[in-house]
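Right, one structure below, let's go through it.
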Amino acid sequence: MNNEKNKKVWLKKCEETLRMGGRSEVTIKNYRYAIIRFLNRYDEKTNISKLTTDDIIKYFKKDFIDKGLSAATYNVNLAAVRFFYLICFERSISKVLLPNSKLRKRFPKIVTKELFLKIINNEDNLEHKCWLLLSFCCGAKDYLKQGKIDIKFVNTIHRILLDSVRANEKEPGKIRNVQNWVGPKGCTIEEAIFVPPIPEEVPILLDNLFQYMNDAYIDPTFINMAISHSQFETIHAYRDGNGRLGRALIPIQLAILTEDEPILFLSEIIELYKPSYYRYLNESRKGNMLGFIKFFLQCIIDQCNNYIAKINRIKQIYNNDMKRISKLNSTAVYRIMPVIMKQVVFTKKEVAEESLVSRNTVSTIIDKLVDMGILVQDSTYAKLSYRYDAIYNVFVGREF
């Protein structure tokens, strides 16, 4: 029967098995609350061990899919329930028989262009603007119905970038129709370090480049990305913002080629190595592409090491905060914190919907977390929104 005594026995058995398997305390807590959520959907007289696959399908459809919860939340709960039945009843529930979530991971909640521009215009640091743009671009693959980079999409990204930081005279979202050049501020075309192709050639060159950028089979992925970036910067298709746009396209191209989310953002490391970046880029324009490829690959290595350091720091922050919140003496906070960690910037309503904790309880706990300094109010996302400040600062590079 589904009584409190049996629940404690089942949960203890699951937790012990997870620890023996070397699972982290965060994973154990996530599984625990997923199992509790499942058990609490049934009354004490329900024979949990005898629930049919159809019963379990109804649970996941009603509590997750129909409510539009994210794929990440759905998959964690699905894994926990299957684990619960395997450990407690030696019953294997085939994942094939259970419904699949059609939703993508939230990173972050998709916002309108107008709201996005409001958020990005409230951020003064240029590097932070680029990180925010990356978050916005995580919806890029959904926008690209055919899974490819094309002129329409690139023009859209260029317009977003320049709308947020430049004046309209730079013609955001439009291919240049004038000759431009690269060199010291105020230099003439004769004094330029580099003169890009004439404007009449740009559309043809871009079309050729995009064909190469979308082809995962011509060259190894990272080699393709290095050559593509060099060529895009060489074409210099816009009157302004070519460098920023070229760096924004790096994670998007990787997402296209690997059929994954945009995750590799090199702007941070390129900014750190700016003199070397321009030197190797100019060398590539003279035919030394190998030198630029080696430099680009080293940037990828260094950026990934930076990501690893950030991930470790995020784990440290989260684990320390989980210890701090223990003094709240609330079981609901352990259902709320994983949602806050996943969303980073959120409203109370979003947390309540995702955690299935009542709105009043969520409101009380969030207010306490603000008092503890774990959360701060953030009106740039929504009128009544909050931010997991320490985690956010790691994401946008303020702590590194």
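The values are calculated or read from the model by the stated rules, or taken from the named source; none is laboratory data. Just so it is clear, the structure is predicted and the values come from calculations on it, not from any experiment. Please note: Cβ atoms are built from the backbone with ideal geometry, for glycine as well, and neighbour counts cover all protein chains shown.
A few notes on this one:
- Of all residues in the range 244-268, those that are hydrophobic (A, V, I, L, M, F, W, C), crowded, with 20+ Cβ neighbours inside 10 Å and farther than 20 Å from Phe210 by Cβ total 1.
- Inside the range 328-338, residues that are surrounded by 21 or more Cβ atoms within 10 Å (Cβ to Cβ) and over 12 Å from Leu375 (Cα atoms) make up a count of 4.
- Residue match in the range 371-380 (condition: within 23 Å of Ser24 (Cβ to Cβ) and either in a helix (DSSP H, G or I) or among the β-branched types (Val, Ile, Thr) (or both)): yes
- Candidate set from the range 263-280 (those that are of a type in the set (A, V, I, L, M) and assigned to a helix (DSSP H, G or I)); member that is nearest to Arg247 (Cα to Cα): Ile270
- Every test in (1) surrounded by fewer than 16 Cβ atoms within 10 Å (Cβ to Cβ); (2) within 19 Å of the chain's Cα centre (by Cα); (3) within 30 Å of Tyr59 (Cβ to Cβ) is passed by Gln343 save one, and that test is (1).
- The single residue among Lys61, Lys67, Lys8 that is more than 26 Å from Ala352 (Cβ to Cβ), basic (Lys, Arg), surrounded by fewer than 16 Cβ atoms within 10 Å (Cβ to Cβ) and out of contact with any strand residue (DSSP E or B) (no Cβ under 7 Å at 6 or more places or on another chain) turns out to be Lys8.
- Single match in Lys310, Lys348, Lys342 (criterion: modelled with pLDDT of 90 or more and either under 18 Å from Leu384 (Cα atoms) or outside the structural domain of Ile65 (by TED's automatic domain parsing) (or both)): Lys348
- Those helices (runs of 4 or more DSSP H) lying entirely in the range 1-101 with at least 3 residues under 24 Å from the mean Cα position of the chain (by Cα): 25-39, 71-89
- Among all positions in the range 172-187, there is no residue which is assigned by TED's automatic domain parsing to the domain that holds Phe292 and in a helix (DSSP H, G or I).
- Selection count where residues are in contact with a Phe, Trp or Tyr (Cβ under 7 Å, 6 or more places away or on another chain), closer than 17 Å to Pro196 by Cβ and of a type in the set (Gly, Ala, Ser), scope the range 269-293: 1
- Residue check, Thr331 among the β-branched types (Val, Ile, Thr), farther than 23 Å from Thr73 by Cβ, at pLDDT below 90 and out of contact with any Leu (no Cβ under 9 Å at 6 or more places or on another chain): no
- Residues that are among the aromatic types (Phe, Trp, Tyr) and within 13 Å of Leu39 (Cβ to Cβ) within the range 79-88 comprise Phe84, Tyr85, listed in sequence order.
- For the residues Glu261, Glu233, the requirement of being under 27 Å from Lys170 (Cα atoms), in contact (Cβ under 8 Å) with a residue 40 or more places away in the chain and touching a helix residue (DSSP H, G or I) at 6+ places or on another chain (Cβ under 9 Å) singles out Glu233.
Conditions tested, residue by residue: (1) in contact with an Asp or Glu (Cβ under 7 Å, 6 or more places away or on another chain); (2) not hydrophobic (A, V, I, L, M, F, W, C).
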site: Phe210; (1), (2): yes, no
site: Tyr217; (1), (2): no, yes
site: Ile235; (1), (2): no, no
site: Asp240; (1), (2): no, yes
site: Asn282; (1), (2): no, yes
site: Cys304; (1), (2): no, no
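- Residue satisfying all of: in the range 305-325; surrounded by 14 or more Cβ atoms within 10 Å (Cβ to Cβ) and among the hydrophobic types (A, V, I, L, M, F, W, C); farthest from Ile366 (Cα to Cα) among these: Ile314
- Taking the listed residues Asp142, Asp150, the one that is surrounded by fewer than 17 Cβ atoms within 10 Å (Cβ to Cβ) and at pLDDT 90 or above is Asp150, with no other qualifying.
Matching residues to (1) under 23 Å from Leu297 (Cβ atoms); (2) of a type in the set (Asp, Glu); (3) surrounded by fewer than 18 Cβ atoms within 10 Å (Cβ to Cβ):
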site	(1), (2), (3)
Ile204	no, no, yes
Leu209	yes, no, no
Asp215	yes, yes, yes
Ile223	yes, no, yes
Ile227	yes, no, no
Ala237	no, no, no
Asp240	no, yes, no
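A quick yes/no check of all residues on (1) at pLDDT below 95; (2) farther than 22 Å from Tyr278 by Cα; (3) in a loop (DSSP other than H, G, I, E, B):
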{"site": "Pro203", "(1), (2), (3)": "yes, yes, no"}
{"site": "Tyr212", "(1), (2), (3)": "yes, yes, no"}
{"site": "Tyr217", "(1), (2), (3)": "yes, yes, yes"}
{"site": "Ala226", "(1), (2), (3)": "no, no, no"}
{"site": "Ser230", "(1), (2), (3)": "no, no, no"}
{"site": "Arg239", "(1), (2), (3)": "yes, no, yes"}
{"site": "Ala248", "(1), (2), (3)": "yes, no, no"}
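- Filter result (part of a loop (DSSP other than H, G, I, E, B) and surrounded by fewer than 16 Cβ atoms within 10 Å (Cβ to Cβ)) within the range 354-370: Ser358
- Whichever residue in the range 14-32 is hydrophobic (A, V, I, L, M, F, W, C) and out of contact with any Cys (no Cβ under 8 Å at 6 or more places or on another chain) and, among such residues, is modelled with the lowest pLDDT: Val26
- Which listed residue, of Ile340, Ile314, is in a helix (DSSP H, G or I), within 30 Å of Ala226 (Cβ to Cβ) and among the aliphatic types (A, V, I, L, M): Ile314
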